[in-house]
Amino acid sequence: MASVVTSRVLSYFLTNSELKPRSRVRVQSVSGSDSKGLPSDSVQMNGASLTGEEEKNGVLIDRGIREKEKTGGRADAWNASLKCGVEKKCVKDVISSHLDVLWDDGYGTKTVKDYFEEAKEMIRPDGGPPRWFCPVECGQPLKDSPVLLFCPGLDGVGSALALHHKALGKVFEVRCLHIPVRDRTPFEGLVTIVEKTVRLEHASSPSKPIYLLGDSFGGCLVLAIAARNPEIDLVVILANPATSFDRSQLQPLFPLSEAWPDGLYNAMPYLLSFIMGDPVKMARVNIDHRLPRRLQIEQLFQNLIALLPCLSDLADIVPKDTLIWKLKLLKSAASYTNSRIHAVKAEVLVLSSGNDYMLPSGDEAQRLKSSLKNCTVRYFKDNGHTILLEDGVNLLTVIKGTGKYRRSRTINFVTDFVPPSMSEFKYGNDELVGLLSFATGSAMFSTLDDGKIVKGLHGVPNEGPVLFVGNHMLMGLEVCSLVLEFLRERNIMVRGVAHPVVLGEREWVSSPEFSFTDWMKVMGAVPVTASNLFKLLSTKSHVLLYPGGARESLHHRGEEYRLFWPDQQEFVRMAARFGATIVPFGTVGEDDIAELVLDYNDLMKIPVLNDYIRNATSSSIRIRDKSKGEVANQELYLPGLLPKLPGRFYFLFGKPIATKGRKEEILEDRENAKQLYLHIKSEVEGCIAYLLKKREEDPYRNIVDRTVYHALHSPLHEVPAFDP
């Protein structure tokens, strides 16, 4: 029989009253991952105190988990005291400092069924107080990762992150709060427990942010902590917070919970399952969207059937007396937190569901956004109250896309960047830009060192730093295809530098959903600044730069494939400083996708609309001075387009230009830098001219021909083009 904690959960069940910030206790997971420290003076184990002396001897404390199978030992639940296995062995301090591109984040491998299995083990009566634990699936985080403290919702189990453990565990030290079923600690007591841990962590690592993640009831808890500790650098993430409990749609029904007959209470879980979450969204988590529709429906049906028996476990997770207590606790928590919300100074991210039938989460998100000084909202219109257990919400992706992940007091777009995982790549490639990829059927060509043009990206250097310099097509439609093709074919992360307006927060949108702009950040886009370019090249990244910027991507009629580059050649000098390889490239195909019918000049003749464009342009961030020529004219507008039967996008990456060993030559002689700059510009123009001519020879330039070939012969990305 398993102990109160399953083999999936590292037992680091601690009473906060035992923690004092003097020495450090090392914790070892059963999976054999490296240990990590927690501030502590001593931890009481079976009445004994293990202090810093034992730690010096390499003693690792395995709290509340069964020992390894070879010892045959088992750890009992918290009865009178916590029986713990102590394993004496040294652990190598080998911690990775980075993640590989397209790493496995585990999203889609766990389902809500795993949550119920863990919950059944953890809710067994143990007589213990609220405590923290580390899920084993989280593994060893990256070096210098911040701490993430998860406070659960009404269930109190602490396992609602089951779908996200592996992903979050790569970039956070994840700790989850477990509140036993029979525990009756008042809200102020829970605040004290969490607050002690927060202050200990801050004392241990004052330069790191502390992430507080609150689900429903837990949202009240973490907001209360933030209000009481404005001096600590906190990032607060709220998933449908229960601060709106007094306005709940179910408020008239709550008093009936005490009168509900005990014999009928077993039916309550089935009712709660439809109120608190969307069973269909829960059942879709592990379904591959690439499967044929028929197979998806079959698997969904099977998952729903498998989920039904689990719903009865809700009666054990939240028994009647516990539900009555938790509803009273919710009321006091909402009142306590709302009275102090004005004191919150922390950075806040709110995840709001559109189908929340328990709380008015959409309205509450807007209230919090207007009440808090630094609050970002993301709205998920198809999700229910239990958003963290439903399909369509990869929590780490949301954190990355909203720019909330950092390892120090300020975000560093280069060192804090977490590369896209395989699940993010699949979603981006298939769902986000799948239709555009299908319509444009991008054909990639590159140039080898000997000048030979070949199909594919074999001519692009593997090792950075590499600076790709090319032309923007209308509205930058080519960027998605370029970045995703490099990931698919070469496993290379290309970091694009974009106009700050493109990556900025959409303040004018009342309920912003997770958008294409957020996905650009997930896929590595950073605001275009000299400092960001400096950092990217210094870390040997592959960087994508468009010297023509907004002027080129929002060109006027008749200006297709014309370059609008500044006179300054600063990117050449920057590349030479780091010995970067410059790869000029050209791309064509915008005129095969749509016709530009209304450009800036046309739109400025339309009353009202012209004022809107002027206001948008004047209030936007300007990254170039008007005195620097045509390229500085960065009027921001949405052009009027007339779609065509899609043709094809073509990319040609020219012969790599090495600057290594030419640092002094280029940095000290502006004439040499200018000549190299003009050479790069000429190469880009040559690539464009080559593609415009050769595309006439492509038998699969038309989407109809490509679709037929794709159906009969090969995947879409393998459809042939012209012979180079």
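Restrict the check to the stretch 623-641 and report whether at least one residue is surrounded by 14 or more Cβ atoms within 10 Å (Cβ to Cβ), at pLDDT 85 or above and of a type in the set (S, T, N, Q).
no
If you go through the stretch 679-715, how many residues are hydrophobic (A, V, I, L, M, F, W, C), surrounded by 13 or more Cβ atoms within 10 Å (Cβ to Cβ) and either over 20 Å from residue 457 (Cα atoms) or touching a Leu at 6+ places or on another chain (Cβ under 7 Å) (or both)?
Qualifying residue count for the region: 5.
Just checking, how many residues over the stretch 418-432 are over 13 Å from the mean Cα position of the chain (by Cα) and either closer than 16 Å to residue 393 by Cβ or among the charged types (D, E, K, R) (or both)? So that I can check it myself, show each step before the final result.
First pass over the stretch 418-432, keeping only residues over 13 Å from the mean Cα position of the chain (by Cα): 426, 429-432.
Narrowing further to those that are either closer than 16 Å to residue 393 by Cβ or among the charged types (D, E, K, R) (or both): 426, 430-432.
Summing the residues that are over 13 Å from the mean Cα position of the chain (by Cα) and either closer than 16 Å to residue 393 by Cβ or among the charged types (D, E, K, R) (or both) in the stretch 418-432 gives 4.
Kindly evaluate residue 647 against the criterion of being closer than 23 Å to residue 472 by Cβ, touching a Lys or Arg at 6+ places or on another chain (Cβ under 7 Å) and either in the same structural domain as residue 463 (by TED's automatic domain parsing) or surrounded by fewer than 19 Cβ atoms within 10 Å (Cβ to Cβ) (or both).
yes
So which helices (runs of 4 or more DSSP H) stay within the stretch 260-338 end to end and still have 2 or more residues that are at pLDDT 85 or above? Write out each step before concluding.
Numbers: elements: 268-276, 279-283, 293-311, 314-317, 320-338.
Passing ranges, in order: 279-283, 293-311, 320-338.
Quick check on my filter: what residues within the stretch 371-403 are part of a strand (DSSP E or B) and surrounded by 21 or more Cβ atoms within 10 Å (Cβ to Cβ)?
Of all residues in the stretch 371-403, those part of a strand (DSSP E or B) come to 375-380.
Of everything in the stretch 371-403, those that are part of a strand (DSSP E or B) and surrounded by 21 or more Cβ atoms within 10 Å (Cβ to Cβ) turn out to be 377, 380.
What is the number of the single condition among (1) polar (S, T, N, Q); (2) part of a loop (DSSP other than H, G, I, E, B); (3) farther than 30 Å from residue 531 by Cβ; (4) outside the structural domain of residue 234 (by TED's automatic domain parsing) that residue 429 does not meet?
For residue 429, the failing item is (2).
How many of the residues in the stretch 74-122 are at pLDDT 50 or above and out of contact with any Phe, Trp or Tyr (no Cβ under 6 Å at 6 or more places or on another chain)? Spell out how you get there, then give the answer.
The first filter runs over the stretch 74-122 and keeps only residues at pLDDT 50 or above, leaving 94-122.
With out of contact with any Phe, Trp or Tyr (no Cβ under 6 Å at 6 or more places or on another chain) added as a condition, the list becomes 94-101, 103-122.
The total comes to 28.
Suppose the filter is at pLDDT below 80, within 29 Å of residue 215 (Cα to Cα), surrounded by 23 or more Cβ atoms within 10 Å (Cβ to Cβ) and not hydrophobic (A, V, I, L, M, F, W, C); does residue 131 pass it? Talk me through it step by step, then tell me what you get.
Values: at pLDDT below 80: no; within 29 Å of residue 215 (Cα to Cα): yes; surrounded by 23 or more Cβ atoms within 10 Å (Cβ to Cβ): yes; not hydrophobic (A, V, I, L, M, F, W, C): yes.
Against the criterion (at pLDDT below 80, within 29 Å of residue 215 (Cα to Cα), surrounded by 23 or more Cβ atoms within 10 Å (Cβ to Cβ) and not hydrophobic (A, V, I, L, M, F, W, C)), residue 131 does not qualify.
So which helices (runs of 4 or more DSSP H) are wholly in the stretch 658-716 and hold at least 3 residues that are acidic (Asp, Glu) and over 15 Å from residue 648 (Cα atoms)?
So the answer is 663-668, 670-694.
Yes or no, residue by residue, for (1) modelled with pLDDT under 95; (2) among the hydroxyl-bearing types (Ser, Thr, Tyr); (3) not assigned by TED's automatic domain parsing to the domain that holds residue 656:
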position	(1), (2), (3)
676	no, no, no
682	no, yes, no
690	no, yes, no
693	no, no, no
706	yes, no, yes
710	yes, no, yes
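Just for helices (runs of 4 or more DSSP H) wholly inside the stretch 529-588: which have at least 2 residues that are in contact (Cβ under 8 Å) with a residue 60 or more places away in the chain and farther than 22 Å from residue 477 by Cα? Lay out the reasoning, then the answer.
On the way: elements: 530-538, 549-553, 570-577.
It comes to 530-538, 570-577.
Restricting the search to the stretch 444-484, which residues are on the phi > 0 side of the Ramachandran plot and not in a loop (DSSP other than H, G, I, E, B)?
Within the stretch 444-484, 475, 476 meet the criteria.
The values are calculated or read from the model by the stated rules, or taken from the named source; none is laboratory data. The structure presented is a predicted model; accordingly, all values stated were derived computationally and were not measured. Virtual Cβ from ideal backbone geometry, glycine too; neighbours counted across all protein chains shown.
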